[in-house]
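Participant: Structure provided below as structure tokens; questions to follow.
Read-outs: derived from the displayed coordinates by stated rules, not from any lab. Remember, it's a predicted structure, so these values are computed and weren't measured experimentally. A quick note on method: Cβ atoms are made from the backbone with ideal geometry, for glycine too, and the neighbour counts reach across all protein chains shown.
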Amino acid sequence: MTNTNAWLDAARRELTRRDRKTGGFIHPAVPEAFFSPGDMLRIHGEDTRPRDQEDEQQAAVREVICISRGAASDRRAATKLAPVTAIREKYQNRSATLEEIAAELIRNAEAKASADPLQAGMMISDAATLRRVAEWCQTQLRWIRGADDPLTIEHDHGDALARGVQITIAAFLRDRFGAHLHGTAANLTAWALDLDNVPSARVSRSAF
């Protein structure tokens, strides 16, 4: 058995560990519709929601494994705020410039409406196109990380990819199991990225 398989097994054991007195799970899974029916079918092999806590727990374990592998495959690296801010400003500036040009076209179209209605109509059409592109730029801003995103970091110590994957997993664990479970997130990160060593639990703890 490789180390990575051992780390996956350790994560599974922690997520299915039971209280000796009550017999209940130490970290009971929280029912949540994270996935579409199509995703449920791909992950669980069935298009149904878990019905009891045992099924819910096993489903949540499969989901976090899928999330872990997906975060690693998607290369979800943590990033410092400066590059993120630069990208955000780029889209904001583009949107503002497009809106200014569109407004100028509308003004010119209004001035030419009587003398050259055809050209005025073309200007109005062009302005509408520019505003659609400006709206697209604003839409992109919704997907850009902000300062409050856990994946936006202040210091870039260590492997940015490993940090991003670990933070992503910890966030999912919080939502699905009620706690970040940073040690488990670290084990799953080591497994998903096939690392030589398990990263410190502090990596994700510092992000929340």
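Participant: Compute the distance in nm between two label points, each set 7 Å from the Cα along the Cα-to-Cβ direction, one at Arg62 and one at Ser125.
Facilitator: It works out to 5.3 nm between the two label points.
Participant: For segment 80-141, what does the relative contact order come out to in percent, with C-alpha contacts under 8 Å and a separation of six or more?
Facilitator: The value is 45 percent.
Participant: Then there is this: So for Thr16, Thr184, fewest C-beta neighbours within 10 Å to most, what's the order?
Facilitator: Going from sparsest to densest Cβ surroundings: Thr16, Thr184.
Participant: OK, next. Let me spell out the model: positive unit charges on the Cβ of Lys and Arg, negative unit charges on the Cβ of Asp and Glu, origin at the Cα centre of segment 80-141. What dipole size does that give, in debye rounded to 20?
Facilitator: Once rounded to the nearest 20, the dipole reads 340 debye.
Participant: Determine ³J(HN,Hα), in whole Hz, for all residues of segment 165-170 in sequence, where each value follows from phi through the Karplus function 6.51 cos²θ - 1.76 cosθ + 1.60 and θ = phi - 60°; x replaces Gly and Pro.
Facilitator: The phi angles translate into 5, 5, 5, 4, 5, 4 Hz.
Participant: If r is the Cβ-Cβ distance from Ala6 to Leu141 and R0 is 41 Å, what FRET efficiency results, to the nearest 0.05?
Facilitator: According to the calculation, E is roughly 0.45.
Participant: Alpha carbon centre of segment 13-31 versus segment 101-121: separation in Å?
Facilitator: With segment 13-31 and segment 101-121 each reduced to a Cα centre, they are spaced 68 Å.
Participant: Something else now. Taking every pair of Cα atoms in segment 80-141, average 1/r, invert it to obtain the Kirkwood radius, and report Rg/Rh to two decimals. Can you show the working numbers first?
Facilitator: On the way: Rg = 15.1 Å, Rh = 12.6 Å.
Checking Rg against Rh, the ratio lands at 1.20.
Participant: Which value, in debye to the nearest 20, describes the size of the charge dipole of segment 159-208 about its Cα centre when Lys and Arg Cβ atoms bear +1, Asp and Glu Cβ atoms bear -1, and nothing else is charged?
Facilitator: Working: 5 positive and 4 negative charges, 53 e Å.
The calculation lands at about 260 debye.
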